[in-house]
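Below you will find the structure I want to go over with you.
The values are calculated or read from the model by the stated rules, or taken from the named source; none is laboratory data. Quick caveat, the model's predicted, so the values are computed rather than measured. So basically every Cβ, Gly included, is an ideal-geometry build from the backbone, and we count neighbours across all protein chains shown.
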Amino acid sequence: MEQTEPTPTPTPTPTPTPTPTPTPTPTPTPTPTAAPTRPAGQRVLDRMGVLVALLIERPVSLYAAAVLRIGYGLLYLIFLLREFPHRDEIWGPGSPWTPALARQLSDQAEWFSILTLFDSRAYFEACYAVAVVTSALFMMGWRTRAVSVLFAVVVASFHVRAVFMTDGGDNLFLLMAVYLVFTACGRRWSLDAHRKTSAAADGERHGRRLREFRRTATTVLHNCGMFVIAAQVCFLYGSAGLYKVQGVSWGNGTALHYVLNLDLFRPWPALSLLLDEHAVAVAIAGYLTVLLQVAFPFVLFGRLKYPVLVMLVSLHLGIAVLLGLPIFSGVMIVADAVFLPDRFYRSLVHLWPRTARPPGFGQTRSPARGKTALGSKPVRGADCAGAPAVPLLPPLPRRPKRVRLTGSTHR
């Protein structure tokens, strides 16, 4: 009987015990710490530093200053030409306000007028011609630094000579003429701007420190002058509005009714009577005038100033037409231009029809080979207009010619 061998029982393979995955330890969230508080004195110093940087780094509102120069020069030129037939009765020796009375008032008020130096008619005619030429040159921006001083002297002299003969617009005219002396109103849209290419050669003749001092002094005077002009307009509107609030006629809405019925301010009587028939509209216009003048200083730093400026310009246009005060209205409209940014005036140039532009307007010619855009010599730093100078590029290396290998070179 055969004996069978027992079949060996397979040993079970041990199952590997799974290794437990370690639980990540949560990272503690850092507790936010409060920003260190800066003392009030440091904040004041920081604001003063920003103000100083604004005053000395770059001139502001150059295009607005140019608009003020062009506007006031043109207005005074029109004013002198309009009163040319009546110049002797207003400022000349034949005026009811005689030169002796004008000198007496000037001595008491400590004013000065070149028209009261001599009483001869020839001297007066020469002064009048100088005033006309000065206004035209100031408007065009020719030698603006010197002409602006002469323009201020002319405006002050004619104002002092006949202080009781002109309307209220000459008061603000005199202030603006003095303020513009300190501004760089000839850097844009002027004849002086076309001579800026000579600034590079002029800079080489003067020392670097002198150039820096002149640039900083000009910037500071310009910025201060523009800020004073803006503040003067704000004070003018604010005080005029607050003064109207105190009046009874402005409070009950009848002020414009009385103004429209004054014979002294009725160049178009039929038009004044037509408007006076709409009592509600006249009262609303009076209240709106007071509101605009009082609110104007408080809307300068927002977008609300643009519709307010549009309404103020419309108001002054109405004064020019209805009350017959075009010079006063023009002076105020030009003064309002100081609050418009430079990008607005630059956009006007782009909106100018291309058909009206002279050939080559807004285009630059390519410089000759080996020369910069400003001439034959490289200019370091920035050019006179504030744009960076065109750098000189090194000449490109010539590509070496290929030499064709012939059969004799493989021997």
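Are there any helices (runs of 4 or more DSSP H) wholly within segment 46-139 with 2 or more residues that are of a type in the set (D, E, K, R), more than 20 Å from the chain's Cα centre (by Cα) and over 30 Å from P341 (Cβ atoms), and if so which?
Values: elements: 62-82, 87-90, 99-109.
Because the criterion is at least 2 residues that are of a type in the set (D, E, K, R), more than 20 Å from the chain's Cα centre (by Cα) and over 30 Å from P341 (Cβ atoms), the helices (runs of 4 or more DSSP H) in segment 46-139 that meet it are 87-90, 99-109.
Among the numbered criteria (1) in contact (Cβ under 8 Å) with a residue 12 or more places away in the chain; (2) touching a helix residue (DSSP H, G or I) at 6+ places or on another chain (Cβ under 6 Å), which one does A295 miss?
Result: A295 passes all but (2).
Would you point out which residue out of R47, R69, R121 is farther than 24 Å from R214 by Cα and either modelled with pLDDT of 90 or more or of a type in the set (S, T, Y) (or both)?
Details: R47 fails: either modelled with pLDDT of 90 or more or of a type in the set (S, T, Y) (or both); R69 fails: farther than 24 Å from R214 by Cα.
Answer to the check: R121.
If I ask for residues that are over 13 Å from L322 (Cα atoms) and among the aliphatic types (A, V, I, L, M), which ones from segment 249-261 would you list?
Scanning segment 249-261 gives a single hit, A255.
Determine whether R121 is on the phi < 0 side of the Ramachandran plot and touching a Pro at 6+ places or on another chain (Cβ under 8 Å).
Values: on the phi < 0 side of the Ramachandran plot: yes; touching a Pro at 6+ places or on another chain (Cβ under 8 Å): yes.
Here the answer is yes, as R121 does meet what is asked.
Here's something else I'd like to know. Condition first: acidic (D, E) and in contact with a Phe, Trp or Tyr (Cβ under 9 Å, 6 or more places away or on another chain). Now tell me which residues in segment 327-349 satisfy that.
From segment 327-349, those acidic (D, E) are 336, 342; that's our starting set.
Residue satisfying the conditions is D342 alone.
Something else: Quick check on segment 262-276. Is at least one of its residues within 21 Å of G324 (Cα to Cα) and in contact (Cβ under 8 Å) with a residue 60 or more places away in the chain? Spell out the reasoning first.
Step one: filter segment 262-276 for residues within 21 Å of G324 (Cα to Cα), giving 262-276.
Now restrict to residues that are in contact (Cβ under 8 Å) with a residue 60 or more places away in the chain: 265.
Yes, there is a match, as at least one residue in segment 262-276 is within 21 Å of G324 (Cα to Cα) and in contact (Cβ under 8 Å) with a residue 60 or more places away in the chain.
Can you name the residue in segment 148-192 that is touching a His at 6+ places or on another chain (Cβ under 8 Å) and of a type in the set (F, W, Y) and is also surrounded by the most Cβ atoms within 10 Å (Cβ to Cβ) among such residues?
Going through the qualifying residues, I end up with F173.
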